[in-house]
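First the structure, in the form of structure tokens, and then the observations on it.
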Amino acid sequence: MEFTRTTLKATGFTAVIVSILFTLAVKAQVKSITYQESPDDFSNPERGFYLPAGEAPGELSGATLLKIRTTHSVKSRNAAYAAWVSLLYRDYLLSDFKNSAISDEYLEKIDRDFAAVREAGMKVVLRFAYTNKANTGNCGDENKICPPYGDAPKHIVLQHIAQLKPILVKNADVISVLQQGFIGIWGENHYTDYFGTSSANKAGVIPDSSWLDRNEVLKALLDALPKDRMVQVRTPQFKQRYVYGPKAPVTSAPLTAGEAFKLTDKARIALHNDCFLASSDDYGTFYDQGNSSSPSGPANAVLRRFFEADSRYVAVGGETCDDAFSPENDCAPLGHAEQEMAAMHYSFLNTAYNNQVNNDWEANGCMMNIKRRLGYRFVLNRALLPEKVKAGGDFNIKLYLKNAGFASPYNPRPLELILRSVKSGKIYSFTLLKSVRKWYPGQVELNGRIDLPGNLLRGDYQVLLNLPDGYVSLAGRPEYSIRLANKDVWEEKTGFNRLNHVVHVY
């Protein structure tokens, strides 16, 4: 319904009637559409259970990885469950280069692996280490792990990071997150010959000089990646002592909402826990490792609070490592596995270890919910969409969603409105949001407006949403786009989510 300028200037009772009729006309041109939530478990980028890659460096196969990504049957190490996998854990052992530069041949193998990952439509959780073997004996350590540990000195580590930087930058599009690695056995930054350890067989604390050395390595890693990628550290204290210095107390402040997702080091240091729910403090994950002026000691409660607050804004993942903490690490009501994952905003876990723990989740009935909720899970509840719009005018959209996952996306990812011509199939794409990283768990509401081009061809258009990868190199690939957890919306061939609505452009 249209009104002329003269009609809109009517006064008194006539003006009231005109106003009412105009409001009804506007409302009549906006359609409210509701959507049905899907209970299905399915693959989505940069989240879920990851698969460790066991192949030798340079031996990853794009065809094999594609089969893994598209088949809901990934099992390993006696797993009693299957999983969709979009993430590959890839660790590189640099044991042959502890006293020399990384060879060109080895660097080429790493680059070749990234090409295979990209071909398959997957991403990598990446780590480098110098040793994955522990010497055992009676040396005073409670785990009987004894020196020499077998890692490399700082100058070698920094040299290797400098060598790796061009490869990391080149392949950042398929790096989901980089783990600090390098220091200590397994790259877990604890049992180390060169960077200080709080193990009882050594000084029992990490001295200030060693904290500074560790910070230098972490800074080199942050600088070796584009600013839109994060580096995960093994314990929350490692982040505190980088951001605030070697003497930072365990009460140091976590990220705030205002600091989140900036290009600062503080916003880019993420967290991983490789002994999730393994003990009361997750085998030292939440433990004060001391410094030159304060002893090491328990700090479980305060460091957990830091982790819970900080994790809302950074990438969080890891693995379970021991079933000794059962039933606390089981499903509710005896355990609190899901409660812990939600509180600490977990996006990914290892599908291969420790399956004594993971299999209990399958046996006790919470595995399906964990698979669905790791990371983000966007459910569209309702949309308000115009039934007709004018070329060159505004297109207003209102979305009501729910993030039913444990976390929000941790890497940049836009939200696009797609108009697809019913007649020709031609696609027009408009950016509604530059990133959906602030779509935190809970209710999400979006009021969007786009300016339609004046030369937009008149006709009917399907309305869709697209949440593509933030990198141009992957943005056009549907396997890297986010699928909404709704029935009858996903288009596998395009990576678009249909809003099941047609708008007329006049």
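Label segment 203-244 by shape, choosing from rounded, prolate and oblate, from the square roots a ≥ b ≥ c of the eigenvalues of the Cα gyration tensor; if a/c is under 1.5 it is rounded, and otherwise prolate applies when a/b is larger than b/c, oblate when it is not. Display every interim value, and only then the final one.
Details: a/c = 2.79, a/b = 1.94, b/c = 1.44.
Note, shape of segment 203-244 comes out prolate.
As a quick test, which of the pairs K227/K247; K398/K434; K371/K493; K123/K262 have an alpha carbon distance above 19 angstrom in this structure? Table pairs above 19 Å Cα-Cα are K227/K247; K371/K493; K123/K262. Take every pair of alpha-carbon atoms less than 8 Å apart whose residues are at least six positions apart; their mean separation over the length of segment 378-505 yields a relative contact order of 29 percent.
If I model a spin label as a point 7 Å beyond the Cα along the Cα-Cβ vector, how far apart are those points for E491 and Q356 in nm? Result for the modelled spin labels: 5.0 nm. Only aspartates and glutamates eight or more places from K402 in sequence, or on another chain, were considered; those with a Cα closer than 13 Å are E37, E445. When both bridge partners sit in the chain, DSSP labels roughly 65% of those beta bridges antiparallel. By other beta-carbon atoms within 10 Å, ranking S199, S429 with the fewest at the front produces S429, S199. Sequence-ordered 3J(HN,Hα) estimates for segment 400-415 from the Karplus curve with 6.51, -1.76 and 1.60 and θ = phi - 60° stand at 10, 10, 9, 8, 8, x, 7, 8, 9, x, 9, 10, x, 7, x, 10 Hz, glycine and proline given as x. The loop-placed GluC sites (Glu not before Pro) in segment 43-110, going by DSSP, that have at most 14 neighbouring Cβ atoms within 10 Å of their Cβ come out as E55, E59. Full extension of the chain between D281 and H72 gives 71.9 nm of extra length, using 0.36 nm per residue less the Cα-Cα distance. What the Cβ-Cβ distance of A115 and A301 gives, at R0 = 45 Å and to the nearest 0.05, is a FRET efficiency of 0.50. For the chain, averaging the sequence separation of C-alpha pairs within contact (under 8 Å, six or more residues apart) and dividing by the residue count gives a relative contact order of 14 percent. Remark: spin-label model distance L457-N132 equals 5.4 nm, labels positioned 7 Å along the Cα→Cβ axis. Put simply, the amide H of F49, placed in the peptide plane, has neighbours under 5 Å in L349, leaving out anything fewer than 5 places away on its chain. Between the amide H of K31 and those of L385, E387, distances stay under 5 Å, these residues lying 5 or more places away or on another chain, with hydrogens modeled in the peptide plane. In segment 439-506, which trypsin sites (Lys or Arg not before Pro) are in a loop and have at most 13 other Cβ atoms within 10 Å, using DSSP for the loop call? When the trypsin sites (Lys or Arg not before Pro) of segment 439-506 are filtered for loop state and at most 13 Cβ neighbours within 10 Å, R458, K487, K493 remain.
Taking other Cβ within 10 Å of each residue's Cβ, how do S209, S293, S198 sort, fewest first? Please list the in-between numbers first.
On the way: S209 13, S293 10, S198 22.
In increasing order of surrounding Cβ atoms, one gets S293, S209, S198.
Is the shape of segment 347-496 best called rounded, prolate or oblate, per the rule: a/c under 1.5 gives rounded, else a/b larger than b/c gives prolate, else oblate, with a ≥ b ≥ c the square roots of the Cα gyration tensor eigenvalues? Prolate, since a/c reaches 1.5 and a/b exceeds b/c.
Values in this text are rule-based calculations from the coordinates and carry no lab data. As the structure is a computational prediction, the values presented were derived from the model and not from experiment. With ideal geometry, Cβ positions are generated from the backbone for all residues, glycine too; neighbour counts draw on all protein chains shown.
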